[in-house]
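K.L.:
Shown below is the structure under consideration.
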Amino acid sequence: MAGGEYKRVHDRSVADIEQFWGGEAERIYWHEKPRAALDDSRSPFNHWFPGGQTNLCHNAIDRHLPARADQHALVYISTETDQTRTFTYGQLYREVNRLAGVMRGLGVGRGDRVLIYMPMVPEAIFAMLATVRLGAVHSVVFGGFAAASLAARIDDAKPRLIVTADAGMRMGKVIALKPLLDEALGLASVPEAQVLMLDRGLVSGAARVAGRDHDYARMRGVHMNDEVPCEWVPSSHPSYILYTSGTTGRPKGVQRDTGGYAVALASSMEYIYCSRPGDAWFCTSDIGWVVGHSYIVYAPLINGSTTILYEGLPTRPDPGVWWKIVQDYRVTGMFSSPTAIRVLKKQDPAWLARYDLSSLKYLFLAGEPLDEPTSDWISRGLGVPVIDNYWQTETGWPILTAQPGIEDTPRKIGSPSFATYGYKLEIRDEHTGAALGNGHKGVLCIVPPLPPGCMSTVWGDDERFVSTYFSSFEGPPVYTTFDWATRDEDGYYFILGRTDDVINVAGHRLGTREIEEAVQSHANVAECAVVGVADPLKGQVPVAFVVVKDSTRIDSPVTNAAHEQEVQRAVDAHIGGIGRPSRVHFVAALPKTRSGKLLRRSIQALAEGRDPGDLTTLEDPTALEQVRNALKAG
Ligand code: PRX
């Protein structure tokens, strides 16, 4: 275990919360100073920085104006539309004020929800910042989600306003968004929602609903000179909702506060990411995911950095495109995912040597396990340390990571190093709940309080927050991550996969239940099981096993293949392409226990060529044979 500064800071951060976090709180602007660091009288509903009043947008923009009005705040590079647009902090301030004026004009105020269903364009960031400026709450929905998933999120958050665009682009192909939103609004029950649409000119004649749909450019023109003051909100005021998958088919709205989040992100830019104000920072995630929320938008802007928003693939127009960006903007810190690096690893390594990468100090990777060959390849190719971060949508920032801004501890491949300051971690026995020592595999848990920045509750469902995350074990409640972990004798943690039915496809988190529900939306599906199967590129891919109602429709290899595609399309229509099973296998029965529980783990083991384990409880032993045969038949 690192014995020096890291350990001292970590110990202090969990042992002397008032002093440590009280000090960190000074990194941000408070309209009203907090009277304490933490009020945990209603644990696990913690209140960070009680008494404090602040605003995220003020901390991300206004506060920097005296020193950085002419510094680039946002650089947007699209290799899809061949555009580069830059915004200084002064210009960002103006754009966000205009949009806040538009929103205010459409009736958005404190506490109202604004749903953002946008591609990777600057206006998506303006919309996030304008929302929190007004004290409203955003819910960004990833642009790749299909109508039914979007409708479920609309119904849950009940937005007053939805900000969207005519279309996104991927691999040079236009992907219309507005028709999906129209469809979702038809499915949802929020009749009062207004729509603001950015017309990128990608789709001719996008349909508009009179009285409901408003044009972004026209409204911006009307509010060109608006100055909209920041709404000062209590530290615990919700800043956003971000939906994430779990064991059930119904995604949870992770609710984030304002003050705790701002403080956690501000501190992380120094202690973890070693990024100084004024530095250029490039995070390749999507604003629809938590990494995008925290490390494309809020953390770099709160830090006074220049953040780069990239719309496009890492391989188009050529596999050097990211490294050219690093060179051109003198990027010092970069944040990406193992899958993206595995994609690049298939290309000629000469691309890594083509540009001047001398500005780059670190590459951070998160979202899924980082394998040794990928880590080695990119670290050697770039000549910089690669730092593996482990965290979750729920936490908003890393749980485990090396913290080179505190101490440059040696890294072990395959390990995201140590607990981040602020996190008190335990590995618990899955049955007894006892805290385990080094070398034992158990469930990774966070001992309350969750540090600043972590979720405050499930949107609209306090009970679900407690029952989902804090009820796994007897005794004083601890937060469970639902990840298996071990810690070695040097104190390094290793993450060994999920304990629940959540899978990770190219860094995107999906619930197998959600995908099963989408598969079941196909009329000929009687029953199904979806499992995550190891994949060399994406980490995992979903694979479906289906029992059909009418088996005459799958009686030849040709009809079978056609039926497989139909089921895949049903998932596309329900969730979107990210949930699509890579294969759909048809079987006459699914393996279940005598009590009717689906044996997903055994199916998964077979699909990965492993031993399916103890099968004495199997109701129908031939069912597993069928799975085996279906896999063999390809
Ligand atoms: O299983 C863990 C895996 O991704 C889950 C969280 O996914 P999500 O909510 O989308 O948040 C991603 C934020 C980076 C975790 O429960 N995971 C995330 N990072 C890692 C990881 N697994 C192994 N190593 C990681 N570095």
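K.L.:
Please report, ordered by residue number, the strands (runs of 3 or more DSSP E) entirely within the stretch 199-287 with at least 1 residues that are of a type in the set (A, V, I, L, M, F, W, C).
P.N.:
Where strands (runs of 3 or more DSSP E) fall fully within the stretch 199-287 and carry at least 1 residues being of a type in the set (A, V, I, L, M, F, W, C), they are 240-244, 252-256, 280-283.
K.L.:
To continue, here is another question. Please go through (1) modelled with pLDDT of 95 or more; (2) more than 16 Å from the ligand (Cβ to nearest atom); (3) open to solvent by 10 Å² or more (accessible area, probe 1.4 Å) for Gly259 and return the number of the only condition it doesn't satisfy.
P.N.:
Just one mismatch for Gly259, condition (3).
K.L.:
Can you confirm whether Leu363 is over 17 Å from Trp484 (Cβ atoms), more than 15 Å from the chain's Cα centre (by Cα), open to solvent by less than 10 Å² (accessible area, probe 1.4 Å) and at pLDDT 95 or above?
P.N.:
Spelling it out, Leu363 is indeed over 17 Å from Trp484 (Cβ atoms), more than 15 Å from the chain's Cα centre (by Cα), open to solvent by less than 10 Å² (accessible area, probe 1.4 Å) and at pLDDT 95 or above.
K.L.:
May I ask you to list the residues in the stretch 128-183 that are surrounded by fewer than 23 Cβ atoms within 10 Å (Cβ to Cβ) and among the aromatic types (Phe, Trp, Tyr)?
P.N.:
Phe142
K.L.:
Next question. I'd like the full set of residues that are over 14 Å from Leu196 (Cβ atoms) and open to solvent by 10 Å² or more (accessible area, probe 1.4 Å), limited to the stretch 96-112.
P.N.:
Within the stretch 96-112, Gly109, Arg110, Gly111 meet the criteria.
K.L.:
Scan the stretch 235-252 and tell me whether some residue there is over 30 Å from Trp391 (Cα atoms), in contact with an Asp or Glu (Cβ under 7 Å, 6 or more places away or on another chain) and surrounded by 17 or more Cβ atoms within 10 Å (Cβ to Cβ). Outline the logic, then answer.
P.N.:
So the first thing to find is which residues in the stretch 235-252 are over 30 Å from Trp391 (Cα atoms), and the list is none.
So far as the stretch 235-252 goes, no, none of its residues is over 30 Å from Trp391 (Cα atoms), in contact with an Asp or Glu (Cβ under 7 Å, 6 or more places away or on another chain) and surrounded by 17 or more Cβ atoms within 10 Å (Cβ to Cβ).
K.L.:
Within the stretch 275-329, how many residues turn out to be more than 22 Å from Tyr117 (Cα to Cα), touching a Phe, Trp or Tyr at 6+ places or on another chain (Cβ under 8 Å) and of a type in the set (A, V, I, L, M)?
P.N.:
3
K.L.:
Looking at Asn560, is it open to solvent by 30 Å² or more (accessible area, probe 1.4 Å) and either aromatic (Phe, Trp, Tyr) or touching a residue at least 12 places away in the same chain (Cβ under 8 Å) (or both)? Outline the logic, then answer.
P.N.:
Values: open to solvent by 30 Å² or more (accessible area, probe 1.4 Å): yes; either aromatic (Phe, Trp, Tyr) or touching a residue at least 12 places away in the same chain (Cβ under 8 Å) (or both): yes.
It is true that Asn560 is open to solvent by 30 Å² or more (accessible area, probe 1.4 Å) and either aromatic (Phe, Trp, Tyr) or touching a residue at least 12 places away in the same chain (Cβ under 8 Å) (or both).
K.L.:
I'm trying to understand the selection: among the residues of the stretch 293-311, which are in contact with a His (Cβ under 8 Å, 6 or more places away or on another chain) and in a strand (DSSP E or B)?
P.N.:
Across the stretch 293-311, the qualifying residue is only Thr306.
K.L.:
Tell me the residue from Ile406, Ile387, Ile427 that is crowded, with 18+ Cβ neighbours inside 10 Å, among the aliphatic types (A, V, I, L, M) and more than 21 Å from Asp11 (Cβ to Cβ), please.
P.N.:
Residue meeting the stated conditions: Ile387.
K.L.:
Next question, about the same structure. What number goes with the only condition from (1) within 13 Å of the ligand (Cβ to nearest atom); (2) among the hydrophobic types (A, V, I, L, M, F, W, C); (3) open to solvent by less than 10 Å² (accessible area, probe 1.4 Å) that Val290 does not pass?
P.N.:
Every listed condition holds for Val290 apart from (3).
K.L.:
Right, another one. Report yes if Thr401 is closer than 18 Å to Lys7 by Cβ, of a type in the set (Ser, Thr, Tyr) and within 18 Å of the chain's Cα centre (by Cα), otherwise no.
P.N.:
Details: closer than 18 Å to Lys7 by Cβ: yes; of a type in the set (Ser, Thr, Tyr): yes; within 18 Å of the chain's Cα centre (by Cα): yes.
Yes: the conditions hold for Thr401.
K.L.:
Still on this structure: Pick from Gln53, Gln91: which is surrounded by fewer than 24 Cβ atoms within 10 Å (Cβ to Cβ) and under 17 Å from Thr307 (Cβ atoms)? Walk me through how you get there before you give the answer.
P.N.:
Values: Gln53 fails: under 17 Å from Thr307 (Cβ atoms).
Matching residue, one of Gln53, Gln91: Gln91.
K.L.:
Just a yes or no: is a residue in the stretch 612-623 in contact (Cβ under 8 Å) with a residue 40 or more places away in the chain and of a type outside the set (Gly, Ala, Ser)?
P.N.:
Checked against the condition, which is being in contact (Cβ under 8 Å) with a residue 40 or more places away in the chain and of a type outside the set (Gly, Ala, Ser), the stretch 612-623 yields no hits at all.
K.L.:
To continue, here is another question. Just one of (1) of a type outside the set (S, T, N, Q); (2) within 21 Å of the chain's Cα centre (by Cα); (3) away from the ligand (no atom under 16 Å from the Cβ) trips up Pro451, so point out which.
P.N.:
Of the numbered conditions (1) of a type outside the set (S, T, N, Q); (2) within 21 Å of the chain's Cα centre (by Cα); (3) away from the ligand (no atom under 16 Å from the Cβ), the odd one out for Pro451 is (3).
K.L.:
Are any of the residues in the stretch 184-191 surrounded by fewer than 24 Cβ atoms within 10 Å (Cβ to Cβ), of a type in the set (Val, Ile, Thr) and in a loop (DSSP other than H, G, I, E, B)?
P.N.:
Of all residues in the stretch 184-191, those surrounded by fewer than 24 Cβ atoms within 10 Å (Cβ to Cβ) come to 185-191.
Retained after the next criterion (residues that are of a type in the set (Val, Ile, Thr)): 190.
Retained after the next criterion (residues that are in a loop (DSSP other than H, G, I, E, B)): 190.
The answer is yes; a qualifying residue exists.
K.L.:
Considering only the stretch 256-274, how many residues are closer than 21 Å to Val132 by Cα and of a type in the set (Asp, Glu)?
P.N.:
Total satisfying the criteria: 1.
K.L.:
Further question on the same structure: Working carefully through the options Tyr29, Tyr76, find the one that is of a type in the set (Ser, Thr, Tyr) and open to solvent by 20 Å² or more (accessible area, probe 1.4 Å).
P.N.:
Of Tyr29, Tyr76, the one residue that is of a type in the set (Ser, Thr, Tyr) and open to solvent by 20 Å² or more (accessible area, probe 1.4 Å) is Tyr29.
K.L.:
From the list Ser204, Ser236, which one is in contact (Cβ under 8 Å) with a residue 60 or more places away in the chain and of a type outside the set (Asp, Glu)?
P.N.:
Ser236
K.L.:
Which pairs turn up if I take residues in the stretch 572-584 that are in a helix (DSSP H, G or I) and look for partners that are open to solvent by 40 Å² or more (accessible area, probe 1.4 Å) with beta carbon separation below 7 Å, at least 6 apart in sequence or on another chain?
P.N.:
Note: pairs meeting the criteria are Asp572/Arg580; His574/Ser521; Ile578/His508.
K.L.:
Can you find, within the stretch 330-341, the residue that is farthest from Ala366 (Cα to Cα) among those that are out of contact with any Lys or Arg (no Cβ under 8 Å at 6 or more places or on another chain) and surrounded by 19 or more Cβ atoms within 10 Å (Cβ to Cβ)?
P.N.:
Going residue by residue through the stretch 330-341, those that are out of contact with any Lys or Arg (no Cβ under 8 Å at 6 or more places or on another chain) are 330-331, 334-338, 340-341.
Checking which are surrounded by 19 or more Cβ atoms within 10 Å (Cβ to Cβ) leaves us with 331, 334-338, 340-341.
Numbers: Val331: 19, Met334: 11, Phe335: 8, Ser336: 7, Ser337: 5, Pro338: 7, Ala340: 11, Ile341: 11 Å.
Looking at residues that are out of contact with any Lys or Arg (no Cβ under 8 Å at 6 or more places or on another chain) and surrounded by 19 or more Cβ atoms within 10 Å (Cβ to Cβ), I get Val331.
K.L.:
Hey, can you tell me all the residues within the stretch 457-485 that are polar (S, T, N, Q), away from the ligand (no atom under 16 Å from the Cβ) and touching a strand residue (DSSP E or B) at 6+ places or on another chain (Cβ under 9 Å)?
P.N.:
Within the stretch 457-485, Thr457, Ser471 meet the criteria.
K.L.:
Give, as residue ranges, the strands (runs of 3 or more DSSP E) completely inside the stretch 486-552 that count at least 1 residues that are of a type in the set (Asp, Glu) and within 16 Å of the ligand (Cβ to nearest atom).
P.N.:
On the way: elements: 493-498, 502-505, 508-511, 525-535, 539-548.
Per the criteria, 525-535.
K.L.:
Looking at Ala184, Ala193, Ala206, which is the one that is more than 30 Å from Glu32 (Cα to Cα) and more than 27 Å from the chain's Cα centre (by Cα)?
P.N.:
Numbers: Ala184 fails: more than 27 Å from the chain's Cα centre (by Cα); Ala193 fails: more than 27 Å from the chain's Cα centre (by Cα).
Among Ala184, Ala193, Ala206, only Ala206 is more than 30 Å from Glu32 (Cα to Cα) and more than 27 Å from the chain's Cα centre (by Cα).
K.L.:
Follow-up. Among Val571, Val587, Val531, Val547, which is crowded, with 22+ Cβ neighbours inside 10 Å and more than 30 Å from Ile175 (Cβ to Cβ)?
P.N.:
That would be Val587, the only listed residue that is crowded, with 22+ Cβ neighbours inside 10 Å and more than 30 Å from Ile175 (Cβ to Cβ).
The values are calculated or read from the model by the stated rules, or taken from the named source; none is laboratory data. On a predicted model such as this, the values are computed, not experimentally measured, just so you know. In this analysis, Cβ positions are derived from the backbone assuming ideal geometry, glycine residues included, and neighbour counts consider all displayed protein chains. Accessible surface areas use protein heavy atoms only, side chains included; no ligands, DNA or RNA. Shrake-Rupley method; radii C 1.70, N 1.55, O 1.52, S 1.80 Å.
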